Amino acid sequence: MSYAISIYTGIRDWTVRQVLHQKLNNPLGYAIFAFIALAVAFVLSMLPLKLAVLFLAGIIAIPLIATCFLNLQFGIIVMLFAGFFLGLVAKYTNAPIGTALDGLLVLMLVGMLARLIKERDFSFARNPISIFIFAWIYYNLLQVLNPWAQSRLAWVYTVRSVALLLALYFISCYVFSSYKRIVTTLKVILGLGFFSALYSLKQEWFGFSNAETTWLHADEERFMLIFQWDRMRVFSLFSDPTTFGILMGYMSMFCLVLAAGPFKIWRKLALLLAAGCMLLGMAYAGSRTPFVMLPAGVILYLIMTFKKQTIIAGVLFFMVGAGFIMKSTSSAVVWRIQSAFRGESNDTIEVRMKNQAKIQPYIHSHPVGAGLGSTGYWGKRFTPDSWLASFAHDSLYVRLAVETGWVGLLIYMGLLFTAMRTSIRYYFRVKDPTIKTLYLCFTITVFLLALASYPQEAITLLPTSIVFYLLLAMIARLKDFDPAYAKKGMEV
């Protein structure tokens, strides 16, 4: 009996040593994982292709989802990758990836709330931006009671994306509890933006993939939008050139401003290289809005820095830009850039102004709007007989005014104003040069997105919608890591 007990004790101690102490980093672990790999390979070989793909996706998704729940920082990075690559993957599959993205956000929100139940520390959300985020969420939820709404189902589909993306702001505020986490997230954003620019250059110089070509020709309206001036406009990883162009517009400006910060020369060169590729990709995309964003960002940069060197550089920039605009050309790419400033787009502007004049009486008489999802894609799906379903708003602000009324528009404009004001305030109060430079980047980026949202729905487009709320969280939290600011104990 004692001999059997000693054998059991020996086996137990050996197992504990192999599994817990050495964490299977030993021959036993190698054998176990090799057996699992062979078993998975055998099962995949026996299944039909579709089932095999689903089985493999499940194997990858389960640990990935668990990691996102346990590590919210990792979840945010996964969200960024998904936001950037969603458009590319959609050209190869009809899988409901967008719904999976919503599910991931819900999981991360539950993970944060589970931690807060124990910690009971909500100081991360105590800032002016959070007040307007709360107000915007609450107002959108109240829209279910809108007496002018023609479809409650449209509200369900619309509020899902609105509320979840706003929840990302609070998740990010909670996660950004260290300076390193903010910097890591920024590196991922800039890295993905740089990759998007490189992919667009590949499309321009080497052509589209077979799947992209098939996707282009599957819809005549889509093809006519992208094939203009006897050339194909690039769209990189995304669904259209406008989404890509706006992304490149504010990210190139972000890189240029960051390159002027207190960094090593090799970092500056890397940022300038990324900005150059982004500007080139933006030119090939051919969207007019980003071309206007660049000089607007330069003007705000000159106002906020107000130094002799930057003013001289700014004057030179606008002189060179004026010469570029007046230069005659036979290049479709250059002509498209020039048309944004020469007035060739007046016809488009006149159509938009007429549409806005047409909708203004309706907005004035409906202070809370026609209900979420009453225009655009959801309007055509749920209320196709309504005249609002076919109304071309062509602007985030016009859409908000129609769907949420002038009351909702005021709340949203208050959010943008508060984000700008908070970022500018911290820019002038923090002392650390790197943090000051980052606040300058945040201020210019929010300004450019607010500007671009007048002619386009800039902020609501993936991946900008994800990046925007991450930047708002960074604005709220970054000042906590400035030694001088934290020491003074300044209140927000």
Flagged in the stretch 371-389 as of a type in the set (Gly, Ala, Ser) and within 27 Å of the chain's Cα centre (by Cα), in numbering order, are 371, 373, 374, 376, 379, 389
Open item on the list: Can you confirm whether residue 80 is hydrophobic (A, V, I, L, M, F, W, C), touching a Leu at 6+ places or on another chain (Cβ under 9 Å) and either surrounded by 13 or more Cβ atoms within 10 Å (Cβ to Cβ) or within 24 Å of residue 463 (Cα to Cα) (or both)?
Closed with: yes
So, first residue part of a helix (DSSP H, G or I) in the stretch 417-430, second residue of a type in the set (Lys, Arg), Cβ within less than 7 Å, six or more apart or across chains; the pairs are 426/479; 427/436
Within the stretch 226-273, of all residues that are under 21 Å from residue 86 (Cβ atoms) and of a type in the set (Val, Ile, Thr), the one surrounded by the fewest Cβ atoms within 10 Å (Cβ to Cβ) is 226
Qualifying residue in the stretch 374-392 (condition: modelled with pLDDT of 80 or more, touching a Pro at 6+ places or on another chain (Cβ under 7 Å) and either under 19 Å from residue 132 (Cβ atoms) or in a loop (DSSP other than H, G, I, E, B) (or both)): no
Result of the Cβ filter at 6 Å on the stretch 450-463, keeping first residues that are in contact (Cβ under 8 Å) with a residue 60 or more places away in the chain and partners that are assigned to a loop (DSSP other than H, G, I, E, B) and not basic (Lys, Arg), at least 6 apart or interchain, is 452/458; 459/453
For residue 39, the lone unmet condition from (1) more than 28 Å from residue 412 (Cβ to Cβ); (2) at pLDDT below 85; (3) part of a helix (DSSP H, G or I); (4) within 26 Å of the chain's Cα centre (by Cα) is (4)
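Looking at the stretch 209-236, which of its residues are of a type in the set (A, V, I, L, M, F, W, C) and either free of Cβ contacts under 8 Å to residues at least 24 places away in the same chain or out of contact with any helix residue (DSSP H, G or I) (no Cβ under 7 Å at 6 or more places or on another chain) (or both)? Quick ask: steps written out before the conclusion?
In the first step, residues of the stretch 209-236 are kept if they are of a type in the set (A, V, I, L, M, F, W, C); the result is 211, 215-216, 218, 223-227, 229, 232, 234-235.
Of everything in the stretch 209-236, those that are of a type in the set (A, V, I, L, M, F, W, C) and either free of Cβ contacts under 8 Å to residues at least 24 places away in the same chain or out of contact with any helix residue (DSSP H, G or I) (no Cβ under 7 Å at 6 or more places or on another chain) (or both) turn out to be 211, 215, 216, 218, 223, 224, 225, 226, 227.
For every residue, the table says whether it meets (1) touching a Leu at 6+ places or on another chain (Cβ under 9 Å); (2) closer than 19 Å to residue 478 by Cβ; (3) in the same structural domain as residue 134 (by TED's automatic domain parsing); (4) surrounded by fewer than 19 Cβ atoms within 10 Å (Cβ to Cβ).
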| site | (1), (2), (3), (4) |
| --- | --- |
| 396 | no, no, yes, no |
| 399 | no, no, yes, no |
| 404 | yes, no, yes, no |
| 412 | yes, no, yes, no |
| 423 | yes, yes, yes, no |
| 426 | yes, yes, yes, no |
| 429 | no, yes, yes, yes |
| 439 | yes, yes, yes, no |
| 457 | yes, no, yes, no |
Listed by first then second residue, the pairs whose first member lies in the stretch 130-155 and is touching a residue at least 24 places away in the same chain (Cβ under 8 Å), whose partner is exposed (fewer than 14 other Cβ atoms within 10 Å of the Cβ), with beta carbons under 7 Å and at least 6 positions apart or on separate chains, are 155/144
Given (1) surrounded by fewer than 17 Cβ atoms within 10 Å (Cβ to Cβ); (2) under 27 Å from residue 335 (Cα atoms); (3) not hydroxyl-bearing (Ser, Thr, Tyr), residue 204 misses just (1)
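Of all residues in the stretch 147-176, which are modelled with pLDDT under 90 and either over 21 Å from the mean Cα position of the chain (by Cα) or not in a helix (DSSP H, G or I) (or both)? Lay out the reasoning, then the answer.
The first filter runs over the stretch 147-176 and keeps only residues modelled with pLDDT under 90, leaving 147-167.
Within the stretch 147-176, 147, 148, 149, 150, 151, 152, 153, 154, 155, 156 meet the criteria.
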The residue from 111, 103, 83 that alone is at pLDDT 85 or above and over 27 Å from residue 245 (Cα atoms) is 111
Within the stretch 147-186, residues among the small types (Gly, Ala, Ser) and either buried (at least 20 other Cβ atoms within 10 Å of the Cβ) or over 24 Å from residue 69 (Cβ atoms) (or both) come out as 149, 151, 154, 172
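Can you say whether residue 227 is of a type outside the set (S, T, N, Q), over 30 Å from residue 478 (Cβ atoms) and in contact with a strand residue (DSSP E or B) (Cβ under 9 Å, 6 or more places away or on another chain), as far as the supplied structure shows?
Numbers: of a type outside the set (S, T, N, Q): yes; over 30 Å from residue 478 (Cβ atoms): yes; in contact with a strand residue (DSSP E or B) (Cβ under 9 Å, 6 or more places away or on another chain): no.
It is false that residue 227 is of a type outside the set (S, T, N, Q), over 30 Å from residue 478 (Cβ atoms) and in contact with a strand residue (DSSP E or B) (Cβ under 9 Å, 6 or more places away or on another chain).
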Scanning the stretch 207-225 for residues that are under 19 Å from residue 94 (Cα atoms) and surrounded by 12 or more Cβ atoms within 10 Å (Cβ to Cβ) gives 209, 211, 212, 213, 214, 215, 216, 222
Checked the stretch 116-164 for anything in contact with a Ser or Thr (Cβ under 8 Å, 6 or more places away or on another chain) and among the hydroxyl-bearing types (Ser, Thr, Tyr); matches are 139, 151
Residues of the stretch 108-146 being of a type outside the set (D, E, K, R) and assigned to a loop (DSSP other than H, G, I, E, B), in sequence order, are 122, 127, 146
In the stretch 88-146, residues that are under 19 Å from the mean Cα position of the chain (by Cα), loosely packed, with under 15 Cβ neighbours inside 10 Å and either of a type in the set (Ser, Thr, Tyr) or over 30 Å from residue 192 (Cα atoms) (or both) total 1
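The values are calculated or read from the model by the stated rules, or taken from the named source; none is laboratory data. It should be emphasised that the depicted structure is a prediction, and the values quoted were computed from it without experimental measurement. All Cβ positions, even for glycine, are placed from backbone atoms using ideal geometry, and neighbour counts span all protein chains on display.
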